[in-house]
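One structure below.
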Amino acid sequence: MKFNESKMLILIVCAILGFLLASQISFIKPNTGGVYTFKSYQQAVAQIRKLNSEIGILDSQKRKLESDLSKFNMNSQSTSQIIKQLGDELYKHDFEEGLLDVKGPGIIITLSDNPYAGEYDDPAFHIVHDLDLRELVWMLKNEGAEAISVNGQRVIHKTEFSCDGPTIIINGEGLTPPYIIKAIGDPNTISYALSREDGILRDFEKRGLLSIPDDLKRSDNITIVRYGKSTGYQYMQPVKD
């Protein structure tokens with residue numbers, strides 16, 4: 001193998017490891033604008049546990065890639081074989097991290113502000129907040145959703161939810177109602193868990209944000225587009241031994 005080919009392979013491997021390290025960031029942003037209830041505390045604890053588990057999985061993937069790299073026999077494998085193997089690892093990473101378009105069965109939920117709020121009702125009770133979408137996304141993940149989007153914005157580990165007046169900011173884009181949430185996963189399991197009497201959709205229904213079953217649809221073929229922005233980092237760098 002030529003020297004320049006070796007340098008190229010090392011460069012590819014470093015790029016893949018960089019992707020894996022950069023993935024260890026949560027899409028949940030702390031709620032600094034409100035008071036936490038006991039329910040919110042329980043959800044935060046559950047989020048931390050799940051995120052720690054995800055970080056552990058990514059760390060295991062990183063160690064496996066490093067192990068695979070050490071097993072490469074440069075004398076018995078051609079450059080094209082090694083590049084293909086590394087390319088397969090990178091494709092798998094992009095697929096799992098939301099950087100590719102995906103399709104599959106799942107559910108579609110439509111949330112809208114309630115236009116029939118009474119004159120003396122609390123207006124905040126009858127509109128969709130960023131916290132509502134954040135909580136719904138988290139519940140979808142807990143029930144096995146493998147890919148999620150809100151009004152076409154793919155939800156990944158970097159996704160943040162915030163409020164800006166009448167709009168909700170997701171992935172830096174201002175979104176307005178109706179909010180169409182798509183989730184790929186087992187349609188029966190997810191729809192049952194979210195719409196049972198103590199499920200989150202029942203709470204939304206009481207606030208007039210949706211109607212079950214009109215705004216909860218099952219589908220055998222949902223397409224969710226990839227995360228459309230750069231996942232690069234300007235300041236963070238891996239620590240080298």
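Please count how many residues of segment 66-91 are at pLDDT below 75, in contact with a helix residue (DSSP H, G or I) (Cβ under 8 Å, 6 or more places away or on another chain) and in a helix (DSSP H, G or I). Please lay out each step first, then the result.
Keep residues of segment 66-91 that are at pLDDT below 75, which gives 66-79, 82.
Those left that are additionally in contact with a helix residue (DSSP H, G or I) (Cβ under 8 Å, 6 or more places away or on another chain): 66, 68-69, 72, 74, 79, 82.
Next cut, in a helix (DSSP H, G or I) only: 66, 68-69, 79, 82.
So the count comes out to 5.
If the requirement is being of a type outside the set (Lys, Arg) and free of Cβ contacts under 8 Å to residues at least 12 places away in the same chain, which of these qualifies: Asp122, Asp101?
Working: Asp101 fails: free of Cβ contacts under 8 Å to residues at least 12 places away in the same chain.
One residue alone meets the criteria, Asp122.
Just checking, does segment 133-145 include any residue being surrounded by 15 or more Cβ atoms within 10 Å (Cβ to Cβ), touching a residue at least 12 places away in the same chain (Cβ under 8 Å), part of a loop (DSSP other than H, G, I, E, B) and not hydroxyl-bearing (Ser, Thr, Tyr)?
yes
What tally of residues in segment 104-132 results from selecting those that are surrounded by fewer than 18 Cβ atoms within 10 Å (Cβ to Cβ) and within 18 Å of Ser191 (Cβ to Cβ)?
4
Picking from Lys240, Lys229, which residue would you name as being of a type in the set (D, E, K, R), in contact (Cβ under 8 Å) with a residue 12 or more places away in the chain, assigned to a loop (DSSP other than H, G, I, E, B) and not assigned by TED's automatic domain parsing to the domain that holds Thr110? Don't jump to the end; show me each part of the working.
Working: Lys240 fails: in contact (Cβ under 8 Å) with a residue 12 or more places away in the chain.
That would be Lys229, the only listed residue that is of a type in the set (D, E, K, R), in contact (Cβ under 8 Å) with a residue 12 or more places away in the chain, assigned to a loop (DSSP other than H, G, I, E, B) and not assigned by TED's automatic domain parsing to the domain that holds Thr110.
What is the residue count in segment 227-236 for residues that are exposed (fewer than 10 other Cβ atoms within 10 Å of the Cβ) and not small (Gly, Ala, Ser)?
Residues in segment 227-236 being exposed (fewer than 10 other Cβ atoms within 10 Å of the Cβ) and not small (Gly, Ala, Ser): 2 in total.
Restricting segment 164-187 to residues that are surrounded by fewer than 14 Cβ atoms within 10 Å (Cβ to Cβ) and part of a strand (DSSP E or B), which is modelled with the lowest pLDDT? Break it down stepwise before answering.
Going through segment 164-187, the residues surrounded by fewer than 14 Cβ atoms within 10 Å (Cβ to Cβ) turn out to be 164-166, 172, 174, 176.
In the following step, the residues that additionally are part of a strand (DSSP E or B) were identified as 164, 174.
Working: Asp164: 90, Gly174: 96.
Result: Asp164.
Would it be correct to say that Leu201 is surrounded by 12 or more Cβ atoms within 10 Å (Cβ to Cβ) and outside any loop (DSSP other than H, G, I, E, B)?
Numbers: surrounded by 12 or more Cβ atoms within 10 Å (Cβ to Cβ): yes; outside any loop (DSSP other than H, G, I, E, B): yes.
Here the answer is yes, as Leu201 does meet what is asked.
Which condition breaks for Asp164 when tested against (1) under 22 Å from Leu99 (Cα atoms); (2) in contact with a strand residue (DSSP E or B) (Cβ under 8 Å, 6 or more places away or on another chain)?
Answer for Asp164: the failing condition is (1).
The values are calculated or read from the model by the stated rules, or taken from the named source; none is laboratory data. All values reported here derive from a predicted model rather than from experimental measurement. Cβ atoms come from the backbone with ideal geometry, glycine included; neighbour counts cover every protein chain shown.
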